[in-house]
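The values are calculated or read from the model by the stated rules, or taken from the named source; none is laboratory data. On a predicted model such as this, the values are computed, not experimentally measured, just so you know. Here the Cβ positions follow ideal geometry from the backbone for every residue, glycine too, while neighbour counts run over all protein chains shown. Protein only, heavy atoms only, side chains kept; ligands, DNA and RNA dropped before computing areas. Shrake-Rupley method; radii C 1.70, N 1.55, O 1.52, S 1.80 Å.
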Amino acid sequence: GGWRGEGRMDLRYPETLKEYGKPGAKKDGDEGAEDGEEREHPAIARVRCMMGREIRVKVVDGRVFVGRFECYDKQGNILMEDAMSTTVDDPEGTEPHAYRGMIIIQKQHRVETQLIVRDGECDPTAPDFDPYKELEEQELLYQAEAEAHADGGADPIDDHEP
């Protein structure tokens, strides 16, 4: 079976991460930042949009790992959560997967990395994808969830007159 609806994700950003340093580091040619606001490099912002999403990683021995993308460091290592693996004899995953849990796949062992895009999900690998807009929307959603949680889930309606 094939991997339905997947996008291609090419994670080769360690040089970018070294060059631009920490998130928010501003460099020449940074466009769209308002009022001196610093923006991270588009490649880093794009990878940040993929965090928490499902990825498929093929390694040099032919095995394939599928799991939730949790972390990517400047050495190019990928940390996956709830990872499942196929056997070398069954790279397409037609047999049941073996559960691996949390794993790290080093850059030198990766042959191919793909973001699995399900129906209704945004595709950060698309050329016209705007990572800054997506991150802003995610942040607004997190803020709304945090406020709802702080209010005990109640609607923020004030019944009394000022």
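Tallying residues that are among the β-branched types (Val, Ile, Thr) and at pLDDT below 85 within the range 87-107 yields 3.
Count of the range 43-67 residues, restricted to those that are touching a His at 6+ places or on another chain (Cβ under 6 Å) and open to solvent by less than 20 Å² (accessible area, probe 1.4 Å), is 1.
Results for (1) open to solvent by 40 Å² or more (accessible area, probe 1.4 Å); (2) at positive phi; (3) among the small types (Gly, Ala, Ser); (4) modelled with pLDDT of 85 or more, shown as yes or no for each residue.
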{"position": "HIS109", "(1), (2), (3), (4)": "yes, no, no, yes"}
{"position": "THR113", "(1), (2), (3), (4)": "no, no, no, yes"}
{"position": "ILE116", "(1), (2), (3), (4)": "no, no, no, yes"}
{"position": "LYS133", "(1), (2), (3), (4)": "yes, no, no, yes"}
{"position": "GLU136", "(1), (2), (3), (4)": "yes, no, no, yes"}
{"position": "GLU145", "(1), (2), (3), (4)": "yes, no, no, yes"}
{"position": "HIS149", "(1), (2), (3), (4)": "yes, no, no, no"}
{"position": "GLU161", "(1), (2), (3), (4)": "yes, no, no, no"}
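Here GLU70 fulfils each of the conditions (1) loosely packed, with under 13 Cβ neighbours inside 10 Å; (2) of a type in the set (Asp, Glu); (3) within 22 Å of GLU136 (Cβ to Cβ) apart from (1). The residue pairs whose first member lies in the range 59-83 and is part of a loop (DSSP other than H, G, I, E, B), whose second member is among the aromatic types (Phe, Trp, Tyr) and surrounded by 15 or more Cβ atoms within 10 Å (Cβ to Cβ), and whose beta carbons are closer than 8 Å, counting only pairs six or more residues apart or on different chains, are GLY76/TYR13. Taken residue by residue, the range 13-33 has no member that is among the charged types (D, E, K, R) and at pLDDT 85 or above.
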